[in-house]
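S.K.: Questions regarding the structure given below will be posed in turn.
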Amino acid sequence: MASCIQLDKLKKSKSWFIDFQYDPKRDQTGEVRNILLIVATLIAAVTFQSGVNPPGGVWQDNTNHTLCEQKRAQGNWTDPPCDKSHVAGTAIYASQSDPFYVFLVFNTVALSTSVLVIMSLTYNFPFHLELFIAATSMLVTYGSAIFAVTPHESHRFRYVLTAAAFPFMLRGLIYAVKFQAKHHQDNDHMCGKCRSGISEDNSCRKCGSKIPENSEGVKV
């Protein structure tokens with residue numbers, strides 16, 4: 001009997017995941033915009049700080065080749081600072097090249113996407129130009145910072161630049177596809193009016209072969 005009651009309670013339990021989803025009938029546009037701004041700003045702050053101060057910190061000194069040679073002469077081949085040469089101020093994490101660039105690329109995507117969201121949600125707001133200048137300057141500062149902490153012999157910065165441009169290119173592609181679809185829909189709607197005889201203006205010429213001809217070869 002007790003097990004039946006527990007099963008009945010489980011069936012009637014609420015799904016909080018569904019309750020917390022966005023509902024256009026219940027949620028006001030202004031409140032949704034404010035929440036998105038808070039989340040986007042938090043992501044931008046965290047990712048910017050991660051890029052400027054990479055995990056593990058930076059080397060505090062240059063490689064002491066003389067000391068390394070002495071350690072090797074003593075049979076010490078496992079000293080980490082002697083594995084690879086490094087320069088003071090560069091990221092320690094950069095000694096693991098592939099993982100470091102995975103971190104840089106996805107961190108840059110997160111920062112660039114959050115900046116795009118912030119700029120979109122504040123479009124036509126007061127001081128939007130100043131906000132755009134500030135956001136652009138922050139991206140440039142971020143690029144300068146990660147360039148400073150990355151070893152200069154690396155040639156993979158094109159991946160980071162592509163990651164920074166990816167959210168903007170993706171959003172532009174989405175808008176282009178939507179615009180093209182709406183353009184075709186409007187043309188089909190206009191041609192439908194022309195076929196039914198509702199519209200008889202010069203715009204019907206754009207429909208071309210979509211408008212049937214009568215027995216005399218005249219568009220109807």
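The values are calculated or read from the model by the stated rules, or taken from the named source; none is laboratory data. These numbers come from a predicted model, not from an experiment. FYI the Cβ positions are ideal-geometry reconstructions off the backbone, even for glycines, and counts take in every protein chain you see.
Results for (1) modelled with pLDDT of 70 or more; (2) exposed (fewer than 11 other Cβ atoms within 10 Å of the Cβ); (3) in a helix (DSSP H, G or I); (4) over 25 Å from the mean Cα position of the chain (by Cα), shown as yes or no for each residue.
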{"residue": "CYS4", "(1), (2), (3), (4)": "no, yes, yes, yes"}
{"residue": "ASP8", "(1), (2), (3), (4)": "no, yes, yes, yes"}
{"residue": "TYR22", "(1), (2), (3), (4)": "yes, yes, no, no"}
{"residue": "LYS25", "(1), (2), (3), (4)": "yes, yes, no, yes"}
{"residue": "GLU31", "(1), (2), (3), (4)": "yes, yes, yes, no"}
{"residue": "GLN70", "(1), (2), (3), (4)": "no, no, yes, yes"}
{"residue": "GLY89", "(1), (2), (3), (4)": "yes, no, no, yes"}
{"residue": "ASP98", "(1), (2), (3), (4)": "yes, yes, yes, no"}
{"residue": "LEU104", "(1), (2), (3), (4)": "yes, no, yes, no"}
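S.K.: Answer with yes or no whether ILE146 is at pLDDT 85 or above and more than 30 Å from GLY30 (Cβ to Cβ).
M.R.: On the way: at pLDDT 85 or above: yes; more than 30 Å from GLY30 (Cβ to Cβ): yes.
In short, yes.
S.K.: Given the residues LEU131, LEU139, which is the only one that is aliphatic (A, V, I, L, M), modelled with pLDDT of 65 or more, surrounded by 15 or more Cβ atoms within 10 Å (Cβ to Cβ) and over 18 Å from the mean Cα position of the chain (by Cα)?
M.R.: None of the other options fit; the residue is LEU131.
S.K.: Might you check whether a residue that is touching a Phe, Trp or Tyr at 6+ places or on another chain (Cβ under 8 Å) and under 30 Å from GLY57 (Cβ atoms) occurs anywhere in region 163-178? If you could, list the steps in order and put the result at the bottom.
M.R.: Taking region 163-178 and keeping what is touching a Phe, Trp or Tyr at 6+ places or on another chain (Cβ under 8 Å), we get 163.
Still in the running and under 30 Å from GLY57 (Cβ atoms): 163.
Scanning region 163-178 turns up at least one residue that is touching a Phe, Trp or Tyr at 6+ places or on another chain (Cβ under 8 Å) and under 30 Å from GLY57 (Cβ atoms).
S.K.: What residue, among those in region 142-162 that are of a type in the set (A, V, I, L, M, F, W, C) and closer than 16 Å to VAL58 by Cβ, is nearest to the chain's Cα centre (by Cα)? Give the steps one after another, and end with the answer.
M.R.: Taking region 142-162 and keeping what is of a type in the set (A, V, I, L, M, F, W, C), we get 145-149, 157, 160-161.
Narrowing the set further to residues that are closer than 16 Å to VAL58 by Cβ leaves 145-149.
Numbers: ALA145: 19, ILE146: 18, PHE147: 20, ALA148: 23, VAL149: 23 Å.
Checking each candidate, the answer is ILE146.
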